[in-house]
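Rule-based calculations on the coordinates, nothing more; no lab input. All figures in this text were calculated on a predicted structure; none of them were measured in a lab. Cβ coordinates were reconstructed from backbone atoms using ideal geometry, including for glycine residues, and neighbour counts include every protein chain displayed.
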Amino acid sequence: MERPASAPASQLPATTGETAGIVIDNVSKMFRSRRQEVHALSEISIEVARGAFVALIGPSGCGKSTLLRILGDLEEPTSGKVLVHGEPPRVARSLHHIGVAFQDAALLPWRSVTDNIRLPAQLAHRPCPPGLVEALVQLVGLRGFEAARPAQLSGGMRQRVAIARALLLQPAVLLLDEPFGALDEMTRRHLNVELQRIWSEQSATTVLVTHSISEAVFLSDLVVVMSARPGRVTATIKVGLARPRTPVTMSDPAFHRICDDVSRMLFADAHQPNAAPAPGRAGRSVP
């Protein structure tokens, strides 16, 4: 779904089961071993419009990455239902509708930038359209480094390769698990701007897991705040800032107000780790 780059989240169309990019319906996840049970997620419900950018934020261990792995068909929920562009994650993944990038870029050290980007097509036994790899290299700002090996790249450049690789099969959904978490603050802010540009030139519904409040607000249309384990949705906060966003956006009082809203919800829950949301509510919505 295409939409103007300047459209704030409040102007995004309402979703239905047919138009939603992602539907998470009452999902819980329990990990069991011989010695213990860990209740990772509890009755999570989120609906995301196609083409939207959503950030998941919460304390360490709250199940953000587990939820992302469920969306990517790397874990199965204990209960509840998940749809990715109208399909169960297993079907969506088999159709190559899902792209994933993790904090560890996990590039093959003996392959060049272009050969690392090309890898998903080779594993899927699919031809790579002429010019696509070159276009992705340009999209992520790595022209001139096509032949470089991962050891010759900075951490930020390796993450750009990982994102380009995740986009190679032109997925409907892009899942990002702390892709910039190991980088210094200056590089991270620069790549936030670059990621926004990359996202604006694609049509992928994007879900980002992050611990950074400013990163979540800068990039997303919607911030989903999660509680300490077992992870629950305690708030959904719309980010009505115009796009494209620039470093100047971070000086905008409106940006800081939204960051304050996210922080307030995060730390309010931190003081009540065992509190449950009111019956029938997935969490507080902050416009």
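Quick check on packing: order 27-40, 96-109 by the mean number of other C-beta atoms within 10 Å, highest mean leading. Walk me through the intermediate numbers first.
On the way: 27-40: 13.1, 96-109: 18.1.
Highest-to-lowest ranking by the protection proxy: 96-109, 27-40.
Which whole-number percentage describes the relative contact order of the chain, with Cα contacts under 8 Å and a sequence gap of 6 or more?
Details: 567 pairs, mean separation 71.5, N = 287.
Over the chain, the number comes to 25 percent.
Dipole magnitude of the chain about its Cα centre, charges +1 at Lys/Arg Cβ and -1 at Asp/Glu Cβ only, in debye to the nearest 20?
Details: 31 positive and 26 negative charges, 71 e Å.
Value, rounded to 20: 340 debye.
How long are the semi-axes of the equivalent ellipsoid of the chain, defined as square roots of 5 times the Cα gyration tensor eigenvalues? Whole Å, largest first. Please list the in-between numbers first.
Numbers: eigenvalues 176, 100, 69 Å².
Ellipsoid semi-axes (Å, largest first): 30, 22, 19.
Do the sum for the chain: with -39,500 (n - 2.57) for every DSSP H run of n ≥ 4, divided by all residues, what is the mean residue ellipticity at 222 nm, to the nearest 500 deg cm²/dmol?
Working: 8 runs with 87 residues, N = 287.
Computed mean residue ellipticity for the chain: -9000 deg cm²/dmol.
When the Cα centres of region 68-129 and region 152-203 are compared, how far apart do they sit, in Å?
With region 68-129 and region 152-203 each reduced to a Cα centre, they are spaced 15 Å.
Taking θ = phi - 60°, what integer Hz values does the Karplus form 6.51 cos²θ - 1.76 cosθ + 1.60 yield along region 109-121, in sequence order, with x for Gly and Pro?
Couplings: x, 8, 9, 6, 3, 5, 6, 5, 5, 6, 3, x, 5 Hz.
Would you mind checking which residues have amide H under 5 Å from residue 241's amide H? H placed 1.01 Å from N; only 5 or more apart, or other chain.
For residue 241, whose amide H was placed from the backbone, the distant partners under 5 Å are 9.
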